[in-house]
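Bear in mind these aren't lab numbers, they're just calculated from the coordinates by the rules spelled out. Source: prediction; values computed, not measured. Here the Cβ positions follow ideal geometry from the backbone for every residue, glycine too, while neighbour counts run over all protein chains shown.
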Amino acid sequence: MHAEQTPLHAAAADLRLGPRILQAGTGSLLITEHGGRVLGVFVADVAENLLRVHPALDAGGERARAFLESDEWNLGGDRLWLSPELELHFRDGEHPTPEAYDVPPEIDPGRYTVVQASEHAVQLEIGGELVNRRSGRPFRFHVRRTIGLCPAPCDTSGLSYIGYALSSELRIPEVDRPEAQYGLWQLLEVPPGGTVCIPVQRPPELVDYFASGVVDHVRVRPGAVEFAVTGTGRQKLGLRAADTRGLMGCWRAQPDGMATLIVRQCSVFPGEVYADYPAGQPQRRDIALQCYTGADDGGGFGEMEYHTPAARAENFFLIRDESRTWCFGGLAERVSQIAAELLGVPFPS
């Protein structure tokens with residue numbers, strides 16, 4: 001399916017979300033200025049969006065309009081936030097309950113503007129002021145995000161493919177306190193029913209963000225951790241930069257013996273200071289990759305997440321990030337060959 005032929009594109013155009021399409025070969029991307037994100041990933045062999053978006057947007061019309069005018073924030077897609085979550089997204093970071101969750105509208109959807117665009121890439125910028133709820137003081141931020149097409153890192157014969165590079169920059173021109181630490185946080189939403197595989201370099205420490213029994217939710221095997229995207233309950237796994245290889249892959253079975261695969265490659269830096277941390281552990285600053293599964297009023301979903309090292313005084317509150325996201329569709333056997341090649345472990349196992 002091509003992005004331009006989808007109800008999602010029609011809804012994005014009707015609602016003036018600033019849709020733009022990037023196309024290459026057998027795939028296409030739907031990017032929106034509203035929210036500054038990749039809202040759709042489409043490949044020729046698969047009828048559905050490889051990313052999860054809120055079903056109200058797919059429905060279009062008045063349902064989509066009512067959703068955008070509501071207090072709901074979760075459009076879906078591949079978005080950018082800032083971390084640490086406990087200091088920016090909870091009204092009370094000491095007691096981070098779901099009821100206390102409050103996404104700052106300054107960052108999502110924010111007020112992104114397209115500053116450059118071509119048939120190959122779209123560059124967006126956003127800036128503004130956020131309040132750190134731990135310090136109680138405001139700080140100013142500026143983010144630049146470029147989404148551009150990228151080639152496959154492997155032979156794609158027998159597959160449909162689209163890939164994109166993310167280039168992001170965070171600058172904090174005015175901080176709330178000298179010891180502040182803020183990071184880029186990239187979150188890619190996927191539909192329920194798949195499995196995320198994270199290759200590891202050693203037996204990993206499994207960090208349970210919700211104290212919800214994530215150790216029992218995941219499967220640890222030689223060279224990898226697997227995380228089921230059930231779309232039920234709430235589970236969040238964190239992994240140390242030192243334990244990972246900067247790779248995540250999400251496999252999802254499709255009808256008629258087909259499958260999809262999304263592989264994300266990012267940089268991890270063991271020993272660097274990361275901004276995000278679990279509740280009750282503000283001194284812990286080593287978490288680079290995360291997986292989440294849960295649900296909102298539109299149903300279940302999962303997330304493949306990664307963080308950058310923190311923008312802090314030692315780097316003049318400036319951090320840059322590069323990553324690649326490779327998306328495939330095809331016969332399950334062929335897709336599994338690519339998964340093993342890119343992740344370095346058999347997947348699905």
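For the range 20-118, run through the GluC sites (Glu not before Pro) and keep only the ones in DSSP coil with at most 14 other Cβ atoms within 10 Å of their Cβ.
Values: sites: E33, E48, E62, E69, E72, E85, E87, E94, E99, E106; in loops: E33, E48, E72, E94, E106.
Sites meeting the loop and neighbour criteria: E94.
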MRE, 222 nm, helices only [DSSP H, n ≥ 4, -39500 (n - 2.57), over the chain, to nearest 500]: -3000 deg cm²/dmol
Kirkwood Rh and Cα Rg combined as Rg/Rh, the range 60-168: 1.06
Ranking of V190, V131, V43 by count of other Cβ atoms within 10 Å, fewest first: V131, V43, V190
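Based only on the alpha carbon positions, what is the Kirkwood hydrodynamic radius of the range 210-349, in angstrom?
Numbers: mean 1/r = 0.0606 Å⁻¹.
Computed over the range 210-349, the radius equals 16.5 Å.
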Convex hull per residue volume in Å³, alpha carbons only, for the chain: 123
The range 22-106, dipole about Cα centre (Lys/Arg Cβ +1, Asp/Glu Cβ -1), debye to the nearest 20: 400
Listed residue (A13, V207, F42) projecting farthest to the positive dipole end of the chain, Cβ model: V207
The range 271-349: chymotrypsin sites (Phe, Trp or Tyr not before Pro) in DSSP coil with no more than 11 other Cβ atoms inside 10 Å: F316
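To the nearest 20 debye, what charge dipole does the chain have about its Cα centre, counting +1 at the Cβ of each Lys and Arg and -1 at the Cβ of each Asp and Glu?
580
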